[in-house]
1. Under the rule of -39500 (n - 2.57) per DSSP H run of 4 or more residues, summed and divided by the residues of the chain, what mean residue ellipticity at 222 nm is obtained, to the nearest 500 deg cm²/dmol?
2. Could you list the trypsin sites (Lys or Arg not before Pro) in segment 41-81 that lie in coil according to DSSP, counting only those with at most 10 other Cβ atoms within 10 Å of their Cβ?
3. At R0 = 22 Å, how high is the FRET efficiency between V38 and D13 if r is their beta carbon distance? Nearest 0.05 is fine.
4. Quick one: helix 30-40 against the long Cα principal axis of the chain, what's the angle to the nearest 10°, folded into 0 to 90?
5. With θ set to phi - 60° and the Karplus curve 6.51 cos²θ - 1.76 cosθ + 1.60, what are the ³J(HN,Hα) couplings of segment 56-71 in order, to the nearest whole Hz, using x for Gly and Pro?
6. Given a cut-off of under 8 Å on Cα pairs at least six residues apart, what relative contact order in percent is computed for the chain?
7. Nearest 20 debye, what's the magnitude of the dipole of segment 2-75 about its Cα centre given +1 on Lys and Arg Cβ and -1 on Asp and Glu Cβ?
8. Give me the net charge for the shell around T2: Cβ to Cβ below 11 angstrom, other residues only, Lys and Arg +1, Asp and Glu -1.
Amino acid sequence: MTIRVLFFAQCSDIGESRQLEIEADPGSTVQDLVKTLVGQYPRLARLERSIMLSVNQEYVEGEQLLNDGDEVALITPVSGG
C-alpha cells in the first residue's frame, strides 16, 4: 500500500524533502512506518521521541493502523521567541 509522508520542521531537513511516498505492508502501523523512515534517514532517530504523528490530519499514537492512501505527517516541536 502507498503512504504519503509529510515532513515538517527538522524532519524535512533530515529527509531533504517535504514529502515522499513510501510502500508499506498491509497491517503496518505508524510506528512501523517510523522505523522504516529511521532506517532510511538515521538522523531521524534522535528526534523519534519528540515527533508528533498525524494520520489524515488527526494526531495518533504509534499503534494506529495504516491504510492505503493515508497521509502521515511527522511534526517536531517548534520553539522560538
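1. Numbers: 2 runs with 17 residues, N = 81.
One gets -6000 deg cm²/dmol as the mean residue ellipticity at 222 nm.
2. Values: sites: R43, R46, R49; in loops: R49.
Sparse-neighbourhood loop trypsin sites (Lys or Arg not before Pro): R49.
3. 0.90
4. So the helix axis and the longest Cα principal axis differ by about 60 degrees.
5. Calculated HN-Hα couplings, in order: 6, 6, 10, 5, 9, 8, x, 7, 4, 6, 9, 10, 3, x, 4, 10 Hz.
6. Values: 135 pairs, mean separation 34.3, N = 81.
Relative contact order of the chain: 42 percent.
7. Computed charge dipole of segment 2-75: roughly 400 debye.
8. Summing Lys and Arg as +1 and Asp and Glu as -1 gives -4.
Bear in mind these aren't lab numbers, they're just calculated from the coordinates by the rules spelled out. All of these numbers come straight from a predicted model, not from anything done at the bench. FYI the Cβ positions are ideal-geometry reconstructions off the backbone, even for glycines, and counts take in every protein chain you see.
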